[in-house]
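Have a look at the structure below before the remarks.
None of the figures in this text is laboratory data; all of them are computed from the coordinates on show. Please read all numbers here as calculations on a predicted model, not as lab measurements. Ideal geometry is used to build each Cβ from the backbone, glycine not excepted, and the neighbour counts take in all protein chains shown.
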Amino acid sequence: MISNNELYLTTNEAVTFDPNYRYKAPMPLFEIRKVKGSQITYFTNSSIIASSIQFNEQLLIKIIGNELSCRSGYDDNYRCGFFKGVFEKQQINNIICYVIQNYIICQVCDYPEIEMYVKKGCIKQNCKSCGKKRYVKNELEITKIYQIIVNHLNK
Ligand SMILES: [Zn+2]
């Protein structure tokens, strides 16, 4: 959730009033640049965001690119993710928040201390904070994001 110009890793709105809440990340930053005649949206701090939410950077870029239905990848010169086309930051932030809410935050204790792995083809979450092991909500299994994460974890 986005509040006070920061990305909070929680579903509990009350913690956004707690100045000492530690599970937060800086705001994702984007910049549109014209490269060889085409407009490209660069996710300029993708490395910082991925490490703050403890999520694989390439995987995050791939998920966002897939949701935006555009070509995406990692730009070695700028050392960040990119999406071919012009996109609103709000649109990308919504995807990031969706990933955080469903895959990074524990459904039991609400802390972002999840370790994901695949069991019998399904994504299971092991929470390092409260110790609960659970499958990701099964209504998510039909989504493309779910499949992308399964493929990544199976690599
Ligand atoms: Zn937990």
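Regarding the range 115-129, can at least one residue be identified that is surrounded by 14 or more Cβ atoms within 10 Å (Cβ to Cβ), within 18 Å of residue 60 (Cα to Cα), within 19 Å of the chain's Cα centre (by Cα) and acidic (Asp, Glu)? The answer is no; no qualifying residue exists. Among residues of the range 135-155 being touching a residue at least 24 places away in the same chain (Cβ under 8 Å) and aliphatic (A, V, I, L, M), the one that is nearest to residue 109 (Cα to Cα) is 136. When you scan the range 81-89, do you find a residue that is in contact (Cβ under 8 Å) with a residue 60 or more places away in the chain and not in a loop (DSSP other than H, G, I, E, B), even just one? Checking the range 81-89: at least one residue is in contact (Cβ under 8 Å) with a residue 60 or more places away in the chain and not in a loop (DSSP other than H, G, I, E, B).
Starting from residues that are polar (S, T, N, Q) and buried (at least 16 other Cβ atoms within 10 Å of the Cβ), keep the ones in the range 94-114 and report whichever is farthest from residue 138 (Cα to Cα). I'd like the intermediate steps shown before the answer.
So the first thing to find is which residues in the range 94-114 are polar (S, T, N, Q), and the list is 94, 101-102, 107.
So of that shortlist, the ones also buried (at least 16 other Cβ atoms within 10 Å of the Cβ) come out as 102, 107.
Values: 102: 11, 107: 13 Å.
Selected residue: 107.
Six or more apart or on different chains, Cβ atoms under 8 Å: show the pairs whose first residue is in the range 109-134 and on the phi > 0 side of the Ramachandran plot and whose second is more than 11 Å from the ligand (Cβ to nearest atom) and of a type in the set (Ser, Thr, Tyr). From the range 109-134, the pairs are 110/10; 110/11. Is at least one residue of the range 90-107 within 16 Å of the ligand (Cβ to nearest atom), among the polar types (S, T, N, Q) and not in a helix (DSSP H, G or I)? There is at least one residue in the range 90-107 that is within 16 Å of the ligand (Cβ to nearest atom), among the polar types (S, T, N, Q) and not in a helix (DSSP H, G or I).
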